[in-house]
1. Filter region A:99-141 down to the residues that are under 24 Å from A:Ser186 (Cα atoms) and among the polar types (S, T, N, Q) and list them by number.
2. Take region B:304-356 and flag every residue that is among the polar types (S, T, N, Q) and either under 23 Å from A:Met96 (Cβ atoms) or in contact with a Phe, Trp or Tyr (Cβ under 9 Å, 6 or more places away or on another chain) (or both).
3. From the list B:Arg277, B:Arg285, B:Arg347, B:Arg267, exactly one residue is over 23 Å from the mean Cα position of the chain (by Cα), more than 14 Å from chain A (Cβ to nearest Cβ) and under 27 Å from B:Leu379 (Cα atoms). Which is it?
4. Could you tell me which numbered condition B:His108 fails, if it satisfies all but one of (1) at pLDDT below 95; (2) not in a loop (DSSP other than H, G, I, E, B)?
5. Within region A:102-112, how many residues turn out to be more than 20 Å from the chain's Cα centre (by Cα) and either over 17 Å from A:Ala122 (Cβ atoms) or facing chain B (nearest Cβ under 7 Å) (or both)?
6. Criterion first (within 29 Å of B:Ala35 (Cα to Cα) and surrounded by 18 or more Cβ atoms within 10 Å (Cβ to Cβ)) does B:Gly154 satisfy it?
7. Consider B:Val173 against the criteria (1) over 17 Å from B:Val83 (Cα atoms); (2) in a strand (DSSP E or B): it satisfies all of them except one. Which criterion is unmet?
8. Looking at (1) in contact with a strand residue (DSSP E or B) (Cβ under 8 Å, 6 or more places away or on another chain); (2) under 18 Å from A:Ala12 (Cβ atoms); (3) facing chain B (nearest Cβ under 10 Å); (4) buried (at least 17 other Cβ atoms within 10 Å of the Cβ), can you tell me which one A:Asp52 breaks?
Amino acid sequence: MLEITDLHARAAGKPILKGIDLVVRPGEVHAIMGPNGSGKSTLANALAGRPDVEVTAGDMRLEGTSLIGLAPEERAHLGLFLAFQYPVEIPGVSNMEFLKAAVDSHNKALERDELSAASFVALAREAASRLHLAPEFLRRGVNAGFSGGEKKRNEILQMLLLEPRLAVLDETDSGLDIDALRTVASGVNAFASEANAVLLITHYQRLLDHITPDFVHVLLDGRIARTGDKSLAHALEADGYARLAESGA
Amino acid sequence: MTAAELFHARVLEDGRQLRKRPRYAPWLDRGPSLAALEDVPLPEPRSYTWEYSNPNPWYERYATGSDDDESTEGIVASNGVEVSDFDAAESRERDIIDANLNATIDRHRYPLASVNDVLLRRGVVVEVPAGASGAEIELGPLGGDFERVLLIVGDGAEATLLERPASPAHRIVECLVGAGASLRHTRLQSAADSLEYHLVSSRVSAGARYRFAQYAQGSAMRRNDIHIEAAGDGADIEIHGAWHLSGRRHLDTQINVHHSAGGGTSRQTVRGVVDDRAKAVFNGRIHIAPGAQRTDAALSAKHMLLAPAAQAYAKPELEIYANDVKCAHGATMGEIDGDALFYLRSRGIGEAVARDLLVAGFLEEALGDLHPGEARALLHVEAREGLA
């Protein structure tokens, strides 16, 4: 599904990723953990094609196609989805209009038929209700005035509608209370299947109490320092990243 | 002599001749306007409030007189609304015009308004009776380069005035909004290559509500002066401005909200998008006179520049002479937000569509509920249907 080899990248001109190797197969859930500044978000943004992240070496392949040099929208059409750590507020564009434009663009790129407005509205409402979001939420401006929890649920809503092959969730748990965390986790669990894969980027272990990863990777200073199963996350919670950094050094 | 002086001299000469053999609405008393013109020079390039707009081409274009009158439908109004042409006005209408025309206009601040009186080619007085509800007036081109509309909304009446796109040389719309009345006034200006100067001058009485929207594209030179007075206690004023300029077009909008009575509110929301080599000029002034206590005024003006050679000049101005007031203002200038663009593109939305969505969303903030459908069509930001 996803194959990252010796990936080096700079963010804002500064080297952040210093040789990432990662393989994600269909049906797998991977968690990437690490302290602040270890390169977690840069990895997510490198995958999605954020303009201020510059890949300087290595490769990232999604189902065999290299993502290097592709526009963000082309990566999305290949089946990549990034749930943002800080979803952007766009006050004058309604959420519904935004979601329809996103789904339309996928259907067009994949040469599928365009959904009628009516059937799209039904689909969006159904997905919203699964995330306990009122229909009113779809009429509001994109993320405008949304609470932290609503913004994150809106990210999951987009994921459910776009049905990506690979979903990258960048600190989707940050800023969520326990109820919102459960809602988001159940959305991700409902989404995850043998046909897709999930990459969870998180600082804390608590999300992993609700979504069970197959693999846990620890990112330190732009490299994967350790890989294990979910027990690694528990060990980190108990000992912290500093201990791991010492033992790795 | 400058272009302004030459034009000024010609208008004065015309005015003096008009006194002898007026061509249009001969009964109209142009004396005060002529007297004002004797006193006040016309704006020169780079003079105050004309720093970024050059009036010379306008003077030159109209120095040799305006085009002949064209007969047009011009104005359509719903039942119960009285519309009379100045030229055909009977004594009752003449009395109303005499009593009210120019009542709201400061001839020294707006010297070009006096020019309109002298060169007038078509004027109408529109009366909405007191207490009327649902009155609708649609205004197209009246015919003739120098046009005048005097709208009187009676006490407690509710009316809507929609100005369809028209590009006369000079249109003045004067609105008198009676006590407790409500007027929704939308002006649409489509892209053109004309030279235009316009003035909206409105007086809002006690407890009345006036909502004004200007949705515009640019022209070769298009200047809109807008003067709105909160003249009675508790007058409520809402102004929406949205423009989308491209090519080498120009739009200069100067809004002056004048609070002369207490307890009034005013809100100005302006969003301008400027592309190519176009130029937007905006000045939003809030004047709170001594005694206009408990006034609550706010102004938000944002411009988005889409091209390196696009220009926007925006200035908020506050003049506050009362001490118990709330007054907020903000003006920003920016480009398309890179984070928002990346966000949309990461959802598969192509760059061109994403930019269009962001431009539409930006302008949408200024539309309110004043003819938003017409606004979107004019600004080329048609929303997707059926998604409400």
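1. Once the filter is applied, which keeps residues that are under 24 Å from A:Ser186 (Cα atoms) and among the polar types (S, T, N, Q), region A:99-141 yields only A:Ser129.
2. B:Gln311, B:Ser346
3. Just a single option satisfies the conditions, and that option is B:Arg277.
4. Failing condition for B:His108: (2).
5. Summing the residues that are more than 20 Å from the chain's Cα centre (by Cα) and either over 17 Å from A:Ala122 (Cβ atoms) or facing chain B (nearest Cβ under 7 Å) (or both) in region A:102-112 gives 5.
6. Details: within 29 Å of B:Ala35 (Cα to Cα): no; surrounded by 18 or more Cβ atoms within 10 Å (Cβ to Cβ): yes.
It is false that B:Gly154 is within 29 Å of B:Ala35 (Cα to Cα) and surrounded by 18 or more Cβ atoms within 10 Å (Cβ to Cβ).
7. (1)
8. The one condition A:Asp52 does not meet is (4).
The values are calculated or read from the model by the stated rules, or taken from the named source; none is laboratory data. Small disclaimer: the values here were computed from a predicted structure and weren't measured. Every residue, glycine among them, receives a Cβ derived from its backbone with ideal geometry; neighbour counts consider all protein chains shown.
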